[in-house]
Amino acid sequence: MAQRTVLAVLFDGVQSLDVTGPVEVFAGAELLSPGTYRIRTASPDGAPVRTTSGLTLVPDGSLDDAPDAHTLLVPGGPGSLDPSPRLVDWVRAHGPRAVRLVSVCTGAAVLAAAGLLDGRRATTHWAYCDRLARDHPAVEIDPDPVYVRDGHIATSAGVTAGIDLALALVEEDLGRDAALAIARHLVVFLRRPGNQAQFSAQLEAQTAHREPLRDVQRFITERPDADLSVEALAARARLSPRHFARAFRDETGMTPGRYVDRVRLEHARRLLEDTADGIEEISRTSGYGTPEGMRRAFVKALGTPPAEYRRRFRPATTP
């Protein structure tokens, strides 16, 4: 395979981990398979940049002198939310030339400002999805996935999602074994599919204000195999079903049904990833009742059936 240049764009106000996370993945791949990747960094004028954490990153040179990139990486950070015209113009001119154009976190805002996401599906850090959708209505923003790939453009969610995306790109280039070896070296799991949600249900939903509703949230998490119908949960909260459904949605930002679906999916995923339990047992303990019920839920939410999910995302047990 011909050597592939990975070019990371730097600017003042960049989030350091958005740069170093993916770069470490590609650097690990280069160590594993020498001659695969050539990693370069560039800032608009070639000067060092100050990251949000106070670290100073010294680029290899300026964007004007940067080599043509196979994989062009645009990180996020406050500096990407109001990017300089010079940076936007450069990305607009060079992004389409890259075989893969990648953004991490709010780096998607730079791609959107350059018009490169118009008519495409994309994601970014959950806290900035609404802003990106408002500022760039021609972009189809999906706030849920860890990363999204649309044609040659890939956008990822906040911070560590850039590592997930980089591992997926290495797996595409070098195969699963190479990506898994790098994941082990970095002590991360090669397990998150791109369409996995950025947040668990417990994190995505707000904690209810009233204790009876908080108790219901705890019960759902602890007993996904129980009767979690609106009627049963309303009885537990000592409310009418109608009042309960409205109060739960108002206080958590999520309907009871969606919350239950998310908790059951997460419970099943953890068992598939971390145990050797059979599909039938997992479907029962996760509240699906039957393997077919769990299969339908997985295909709808993740685009893959449980058995395939386990095959792809269960980490190896040996170091």
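The values are calculated or read from the model by the stated rules, or taken from the named source; none is laboratory data. All figures in this text were calculated on a predicted structure; none of them were measured in a lab. Counting neighbours? That spans all protein chains shown, and the Cβs are built from the backbone with ideal geometry, glycine included. Accessible surface is based on the protein model in full, side chains and every heavy atom, while ligands, DNA and RNA are left aside. Shrake-Rupley method; radii C 1.70, N 1.55, O 1.52, S 1.80 Å.
May I ask for the Kirkwood hydrodynamic radius of the stretch 1-158, worked out over all distinct Cα pairs and given in angstroms to one decimal?
About 15.3 Å for the stretch 1-158.
Which ³J(HN,Hα) values, rounded to whole Hz and listed in residue order, are derived for the stretch 42-50 from phi using the Karplus coefficients 6.51, -1.76 and 1.60 in 6.51 cos²θ - 1.76 cosθ + 1.60 with θ = phi - 60°, glycine and proline given as x?
Couplings: 8, 10, x, 10, x, 7, x, 10, 9 Hz.
Under the √(5λ) rule applied to the eigenvalues of the Cα gyration tensor, what semi-axes describe the equivalent ellipsoid of the stretch 1-90? Give them in Å, descending.
So the equivalent ellipsoid measures 23, 15, 10 Å along its semi-axes.
I'd like to know which of 271, 294, 282 lies farthest towards the positive end of the charge dipole of the stretch 264-317, counting +1 on Cβ of Lys and Arg and -1 on Cβ of Asp and Glu.
294
Put +1 on the Cβ of every Lys and Arg and -1 on every Asp and Glu Cβ in the chain; which of 230, 108, 165 then has its Cα farthest towards the positive end of the dipole?
230
Suppose every K and R has +1 on its Cβ and every D and E has -1 on its Cβ; what is the size of the dipole of the chain about the Cα centre, in Debye to the nearest 20?
780
Given labels modelled 7 Å from the Cα in the Cβ direction, how far is it in nm from residue 275 to residue 218?
Output for this residue pair reads 2.2 nm.
Which order do you get for 99, 299 if you rank them by accessible area with a 1.4 Å probe, largest at the top?
My answer, sorted largest first, is 99, 299.
When the chain is fully extended, how far beyond the present Cα-Cα distance does residue 152 get from residue 84, taking 0.36 nm per residue of separation?
Between residue 152 and residue 84, full extension yields 22.1 nm more.
Lys and Arg at +1, Asp and Glu at -1: add these up for the other residues within a Cβ distance under 9 Å of residue 5 and post the number.
Charge balance near residue 5 sits at +2.
Rounded to the nearest 0.05, what FRET efficiency is calculated for residue 258 and residue 238 with R0 set to 22 Å and r the Cβ-Cβ distance?
0.50
How are the Cα pair distances of the chain distributed, in percent, across 20 Å bins from 0?
Using 20 Å bins, I get a P(r) of 30, 51, 19, 1 for the chain.
Points 7 angstrom from Cα along the Cβ direction at residue 299 and residue 56: gap in nanometres?
Computed distance between label sites residue 299 and residue 56 equals 5.8 nm.
Over the chain, average the accessible area per residue using a 1.4 Å probe and give it in Å², no decimals.
Solvent-accessible surface per residue comes out at 46 Å².
Choose one answer from 214, 295, 242: the residue with the largest mean-square fluctuation in a GNM of the chain with alpha-carbon springs under 10 Å.
Taking springs between Cα atoms under 10 Å, the residue moving most is 242.
Over the chain, what percent of the accessible surface lies on carbon and sulfur atoms, probe 1.4 Å?
Looking at the chain in its full context, I get 50 percent from C and S.
Would you be so kind as to identify which of 307, 133, 180 lies farthest towards the positive end of the dipole of the chain, taking Lys and Arg as +1 and Asp and Glu as -1 on Cβ and the Cα centre as origin?
307
Please identify the DSSP H helices in the chain that span no less than 15 Å along the helix axis (Cα) and have a mean Kyte-Doolittle hydropathy of -0.5 or more.
16-32, 161-174, 291-302
Quick check on the chain: of the DSSP beta bridges with both residues there, what percent are antiparallel, nearest 5%?
In the chain, approximately 25 percent of DSSP beta bridges are antiparallel ones.
Work out how much length residue 2 to residue 186 would gain on full extension: take 0.36 nm times their residue separation and subtract the Cα-Cα distance, in nm to one decimal.
Length gained, residue 2 through residue 186: 63.7 nm.
For 246, 38, 264, give the ranking by accessible area with the largest first, probe 1.4 Å.
These residues rank, largest area first, as 246, 38, 264.
Which sequence of 12, 82 reflects their accessible areas, 1.4 Å probe, from the largest down?
82, 12
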